[in-house]
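Please treat every number below as a calculation from the coordinates, not as lab data. Just so we're clear, the structure is a prediction, and the values are computed from it rather than from any experiment. As a convention, Cβ positions derive from the backbone with ideal geometry for all residues, glycine included, and neighbour counts pool all protein chains shown.
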Amino acid sequence: MSDVTYYDVPVLKAPVWKWFIPAYFVAGGIAGASSTLGAAARDLPGLRRRCRRLSLVALSVGTAALIADLGRPSRFANMLRVFRPTSPMSMGSWLLAAYGPAAGAAAVLPDKIADPAGIVAGIAGLPLTGYTGVLTAATAVPAWQEAGRSLPVLFTASGIAGAASLLALGDHNDQEAAVLRRFGIAGKVGELAASAALEREVGAVPAVARPYKEGRSALLWRLAHGCTTISLLLSLPRKRARRREQAGALAGIAGSFLVKVAVMEAGKASADDPRATFHLQRARNSDSLDNR
Amino acid sequence: MTAVHNNCLCGSNARNERVRTAQTQRKVGFFTDTTVCIGCKACEVACKQWNQLPDDGLLFSGMSYDNTVHLGASTWRHVAFVERPMVENTKFSWLLMSDVCKHCRTAACLDACPTGSIIRTEFDTVFVQPDICNGCGYCVSACPFGVIDRREDDGRAWKCTLCYDRLDAGMTPACAKACPTESIQFGDIDELRARAADRVRELHQAGVTDAYLYGDSREAQPGTDGLNAFFLLLDRPEVYNLPPHPVAPRKTIARSWRSMAAASVALAVTAVVSVLGRK
């Protein structure tokens, strides 16, 4: 493969997003997964209430982070000027607009309104947990674009792991703890499996896979998996132990957060590397250099 | 060359220009013929001046005569200076190219824009409405050419407007107007395509067999459905820092939505099973 570039100048513009956006990815995922669990936990009032509260807190933090990252925060409402199916960000804005009031009502209003609102939030929470994976994949950034199948799964799993871990920090009865344990294990296993799938998906072109293998982004990527693995191991025993549960929860939160930060950093590194774009597009079209 | 073509050299002939633009009000674009670019950067200057773009700082890049480096929020024309190894008697040969927003027929920035700030104009060009843009930055990551960028002090995304204001007044875009060699040709897109094909034929006959068109049609670049600002190049696109086969994200995104739908179902099942399966 030819290695020609124009003075190594990046062909793409690196994502301009600051840390607010990975923070939103994390918070949005936690809100969505927590709402879904809350809607499922119909006969566990304590857990249901905590799920709904966590959703509202995560939603508020996430929305604040989203607005803070805008170049013109005062124009946030312009997000609802158009309905544009080609833009996952537009779809996400409308999703948030539907989810937000429902999640808010479920958390603070009396049961008569909160219960149906909780169901709505639980359903809207499903795509909210993973659409950010679609948003990331729908770019020109090779390390994201090439992970188009695995990213939505990874982000959903990370949301589940994050929500389960955050909820597990609080006090729960044995039944609730058993639910959180299972939910968390599914999320963490999903996160590790989707990460492996992502590495396979981007692995065809070495220059595209590089940010997941070398440099700062790779370090964060491995650190995330280390935290998630530790959390998974700590949550395996059925026997309850408060300290172990909390340690596992903290590791789970770290893993679910870091995996999204790592993906963001990988995207920046990928956009900065013109070879990632060139090699990918040449490989995709499997053309010789004569065939321009 | 036709009479219409020659008008580009008569700077004061506004009447002909108006007539020409009136005929071509629908779909306009640029054909940038890199074989006649002399690297004078008049296009860069004219663009900066007409559009009143902020300066990029006085940077010495060390990259040949290119101190502009790349297109950006405040740089809407950029002349690339490629030094290639060459035959006897010369140390290198020049490849010069004035780069610009491609005004893609399937525009990734427009597809990505959640506010509707980015629109397709009546001239078939792609325009960012500065009074709408809220600086979300999504278009920046979406553009497969690295053209559009967010201006840090201003917070909004900016790129070439193809001189929308000048088009409205029946004028030629500033860069094309300033180009002294007709390397930058402005006009009706179909006419430009025909002219470009002629030019390639002419070059091939003259022995310049490397000449080819980049992005001139849907067939040539299915990922963008063709560019309204296309180029005649003499080497691989990478040499000029152009992506060889750019693809608008909308072309591949269905798989991600399907994947998200599957993950959503899995989340719902996981939640229900977790609750029901407890002891």
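Some observations on this one:
- Bridging of B:LYS27 to aspartates and glutamates at a Cα separation below 18 Å is possible for B:GLU17, B:GLU122, B:ASP124, B:ASP165, B:ASP168, B:ASP188, B:ASP190, B:GLU191, B:ASP216, B:ASP225, once same-chain residues fewer than 8 apart are set aside.
- Bridgeable aspartates and glutamates around A:LYS213 (alpha carbons under 18 Å apart, same-chain partners fewer than 8 residues away excluded): A:GLU146, A:GLU191, A:GLU199, A:GLU201, A:GLU265, A:ASP272, A:ASP273.
- Farthest positive-ward along the protein assembly as shown dipole, Cα basis, beta-carbon charges - from A:ALA218, A:ILE30, A:LEU135: A:ILE30
- Distant-in-sequence amide H partners of B:VAL79 (H built 1.01 Å from N, under 5 Å): B:ASP99
- Cut-off 11 Å between beta-carbons: net charge of the residues surrounding A:PRO152, Lys and Arg +1, Asp and Glu -1: +3
- Spin-label zone in the range A:1-41 - amide nitrogen under 17 Å from a point set 7 Å from the Cα of B:ASP210 along the C-beta vector: A:2-7
- The value for chain B of Rg(Cα) / (2.2 N^0.38 Å) is 1.17.
- Pairwise Cα distances in the protein assembly as shown exceed 40 Å in 32 percent of cases.
- The helix-based estimate of mean residue ellipticity at 222 nm for chain A, built from -39,500 (n - 2.57) per DSSP H run of four or more residues and divided by its residue count, is -25000 deg cm²/dmol to the nearest 500.
- Label separation (A:VAL9 vs A:THR229): 4.3 nm, computed from points 7 Å beyond Cα along the C-beta direction.
- In order along the range A:71-80, the Karplus-derived 3J(HN,Hα) couplings, from 6.51 cos²θ - 1.76 cosθ + 1.60 at θ = phi - 60°, round to x, 10, x, 5, 9, 4, 5, 4, 4, 9 Hz, and Gly and Pro are given as x.
- For the listed residue pairs B:LYS48/B:LYS177; A:LYS13/B:LYS159; B:LYS48/B:LYS91; A:LYS13/A:LYS188, the alpha carbons are over 22 angstrom apart in B:LYS48/B:LYS91; A:LYS13/A:LYS188.
- Neighbouring partner chain Cβ atoms per residue of A:32-42, average, 10 Å criterion: 4
- The ellipsoid equivalent to the alpha-carbon distribution of the range A:249-288 has semi-axes of 33, 11, 4 angstrom, derived from the gyration tensor eigenvalues as √(5λ) and listed largest first.
- Cα-based reach from A:LYS239 at 16 Å (exclusive), listing lysines while leaving out same-chain residues under 8 positions away: B:LYS279
- Mean ellipticity per residue at 222 nm, deg cm²/dmol - from DSSP H runs of n ≥ 4 across chain B, formula -39500 (n - 2.57): -8500 deg cm²/dmol
- Convex hull volume per residue, computed on the Cα atoms of the range B:56-171, equals 146 Å³.
- Loop chymotrypsin sites (Phe, Trp or Tyr not before Pro), the range B:27-107 (other Cβ atoms within 10 Å of the site Cβ: 14 or fewer; DSSP): B:PHE60, B:TYR65
- Listed peptides A:26-37, A:178-189 appear in the order A:26-37, A:178-189 once ranked by packing, highest mean of other Cβ atoms within 10 Å at the front.
- Loop GluC sites (Glu not before Pro), the range B:134-209, which have at most 11 other Cβ atoms in a 10 Å radius of their Cβ (DSSP): B:GLU152
- Hydrodynamic radius by Kirkwood, which averages 1/r over all alpha carbon pairs of chain A, in angstrom: 19.7
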